[in-house]
Amino acid sequence: MKTSKLTVSDILKRKHFEHIQIAAGHQGLHRTVKWVHVVEVTKISNLLKGKELILSTGVGWKENKELFISFVQQLIECDASGLCVEIGTYASSIPQEVIDLANEYQFPIILFLKEVPFVEITQDIHTYLINQHYQIISNLESYSQELNKKLLSIDHYDEILKFLHHYLGHQVIFKINGKEVELVPKYVKRSNEEQQLLDSASALHPQQKIASQSIRILGNEYAELSIVSIDKEISEFDLLILDRTATALAQHLLRDLYVEEKKRAQEHEWLKGWLEGEHTSEAIFDYLTDHEVELRPKGGFVSICRFKSSKQYLNLDITYFKLLCRTIFEQQGFSAFPVDFRNSVVFIMVNKRDIKTWKSRMKMGIKYLLESDFVNKKRIPKFLIAVGKFVENLSHMDKSYRTALETIKIQNQLGEKANSYFYEDLHIYRIISLIHKCSDLHEVVMEYLEPVIQYDKKYNGKLMETLKVYLECNGSKKETAKRLFVVRQTLYHRIQKLEKLLGDDFMNPEKRLAIEFIIKAYEYLMPNNENQYAQNDK
């Protein structure tokens, strides 16, 4: 180690501590000292931060045993390192109760048997501590410079791990996505106690012998770096070195991921062929094998991220965006292969886990994407996300692609009324979209609903809203009035008006089913055709 901590035992070997007596707390002489204070008051709970060695003449408590006990109790609770008392002027002895208390908590009490200059003691120890702090900063800066030099030349992260081990001497453990991938040194014969330390990743604690630092890439926890000390506690300097190393590893891993993402751009044409259904199952299997995808026949699907305009797409760091998506979706159990199309990024998603959970995992991935710093802090304008039909045969990915495109089209048409990313959740809107392709959907809608639309335009009668809610409540007048926040009499009046406009048989099963369908079609057309309705009504 390039620095060492200062203990009570070390201080007792320094100048002005020649004539002393250790009155209590012999087993606490290993306590760390971070500062030295002269304290002559008895209420000190708010004055200390911990690890201070206290110097006192005893003037605060003099011969008052209760005050002395309270004073020592406060020092123990504040995690002070020890108490040095000058015997003679104000304090002549240490009460047995104080000695017993100090021994119980292994709290050192040192007696100066001769008068000593407190100013010179604090100056000496503070000078040492400041120089030690400067040395820590200097060593840390030197380590960082060496680390930065290595980042420019190394090919693999194991060289960084070896450098960390060589510098601190601790066992180094490196994990990616929760899997232990590197131990430095690799082969170490360990006792049972040592092995238990390596097997238990605990939270940071003052007395710990293991420390871990998570490595976050693109806002997600990607890896974890740990150091384990068998014979001594982890120091603050160790934690600083661990933090700098974790940052360097994050930079190296991000660089590797970025370069890998650039290489994938060269495979763009092959992936486009996959989306068009041009490749056989054997060719797809070979491709996935070459890309080290652990393939089992668990199917997949296509997901599309479409931006509002080509300008928005071009202003975006699209390589970074794809890397972010890949990182998030891979953590949810998918291998993602991105393909660029104008203002869209299409992802071919190969499922690696249970088919039954693919949808819930995809929902979680979309949630993490939309909540990421990249999307929120950079204020990226809202973009559409569509998920196509799940296919069990990967050579049928073209079917999923077509349904994902259809989902985007429906989302565009519905606007803010679109409430799902998944093709399979669109249900009635898929049928409406198909009818819209084959016939004049607007004409069909007006055939059924034109009287109601015209009435609402002329009188603001809210009949369309009433009709929709009345059908959703299965004709229950009580429930309908409650949802519309109107009295029964108002509702009865509206229903009578609907019967006059639509016919008093509009709640008969077949006609009711047709009207419910037409209302959905009306909502499908409404975002882009509201002005058209108004023009037709004039």
So for segment 315-338 (the condition being touching a Gly at 6+ places or on another chain (Cβ under 6 Å), under 21 Å from E371 (Cβ atoms) and of a type in the set (V, I, T)), does at least one residue qualify? yes
Restricting segment 295-348 to residues that are of a type in the set (D, E, K, R) and either within 26 Å of the chain's Cα centre (by Cα) or open to solvent by less than 10 Å² (accessible area, probe 1.4 Å) (or both), which is farthest from L384 (Cα to Cα)? E330
Can you name every residue in segment 428-445 that is of a type in the set (S, T, Y) and surrounded by fewer than 15 Cβ atoms within 10 Å (Cβ to Cβ)? S439
Suppose we filter K382, K389 for residues that are under 29 Å from L288 (Cα atoms), outside any helix (DSSP H, G or I) and open to solvent by 70 Å² or more (accessible area, probe 1.4 Å); which single one remains? K389
For segment 361-379, name all the residues that are more than 20 Å from S344 (Cα to Cα) and open to solvent by 70 Å² or more (accessible area, probe 1.4 Å). M364, D373, K377
Scanning segment 265-294 residue by residue, the ones that are β-branched (V, I, T), open to solvent by 30 Å² or more (accessible area, probe 1.4 Å) and under 17 Å from E392 (Cα atoms) total 1
Examine segment 101-119 for a residue that is of a type in the set (S, T, Y) and either in a strand (DSSP E or B) or at pLDDT below 90 (or both), and state whether such a residue exists. no
For segment 118-167, which positions are closer than 22 Å to I54 by Cβ and open to solvent by less than 80 Å² (accessible area, probe 1.4 Å)? F118, I121, T122, D124, I125, H126, T127, Y128, L129, Q132
Between a residue in segment 407-428 that is over 12 Å from G388 (Cβ atoms) and any residue that is open to solvent by 40 Å² or more (accessible area, probe 1.4 Å), which pairs come within a Cβ distance under 6 Å, given they are 6 or more apart or on different chains? Q411/L384; G415/P527; I428/K520
Pairs, first in contact (Cβ under 8 Å) with a residue 60 or more places away in the chain in segment 376-403, second open to solvent by 50 Å² or more (accessible area, probe 1.4 Å) and β-branched (V, I, T), C-beta under 9 Å, six or more apart: F390/I355; E392/I355; S395/T280
Of a type in the set (A, V, I, L, M) and exposed (fewer than 13 other Cβ atoms within 10 Å of the Cβ): does that describe V259? yes
From the option list S439, S420, single residue qualifying as among the small types (G, A, S) and farther than 30 Å from G299 by Cα is S439
Flagged in segment 416-427 as modelled with pLDDT of 80 or more and surrounded by fewer than 18 Cβ atoms within 10 Å (Cβ to Cβ), in numbering order, are S420, E424, D425
Go through segment 101-147 and report how many residues are of a type outside the set (A, V, I, L, M), at negative phi and touching a residue at least 24 places away in the same chain (Cβ under 8 Å). 19
So, restricting to strands (runs of 3 or more DSSP E) that lie completely within segment 259-375, which ones have at least 2 residues that are without any contact (Cβ under 8 Å) to a residue 40 or more places away in the chain? 334-341
Could you list all residues from segment 499-511 that are assigned to a loop (DSSP other than H, G, I, E, B) and open to solvent by 90 Å² or more (accessible area, probe 1.4 Å)? D504
Selected residue (only one of T289, T280 is out of contact with any Lys or Arg (no Cβ under 6 Å at 6 or more places or on another chain) and modelled with pLDDT of 90 or more): T280
Collect the residues in segment 453-468 that are assigned to a loop (DSSP other than H, G, I, E, B), in contact with a helix residue (DSSP H, G or I) (Cβ under 8 Å, 6 or more places away or on another chain) and open to solvent by 90 Å² or more (accessible area, probe 1.4 Å), keeping them in residue-number order. K462
How about segment 469-498: which of its residues are part of a helix (DSSP H, G or I) and open to solvent by less than 70 Å² (accessible area, probe 1.4 Å)? V469, Y470, L471, T480, A481, L484, T490, L491, R494, I495, K497, L498
Among (1) among the hydroxyl-bearing types (S, T, Y); (2) open to solvent by less than 60 Å² (accessible area, probe 1.4 Å); (3) farther than 28 Å from T403 by Cα, which single condition is Y448 missing? (2)
Just the residues that are hydrophobic (A, V, I, L, M, F, W, C) and over 16 Å from E447 (Cβ atoms), please, taken from segment 499-526. M507, M526
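The values are calculated or read from the model by the stated rules, or taken from the named source; none is laboratory data. No experiment lies behind these values; they were computed from the predicted model shown. Here the Cβ is made from the backbone with ideal geometry for all residues, glycine too, and neighbour counts use every protein chain on show. Ligands, DNA and RNA are excluded from the accessible area calculation, which covers all protein heavy atoms including side chains. Shrake-Rupley method; radii C 1.70, N 1.55, O 1.52, S 1.80 Å.
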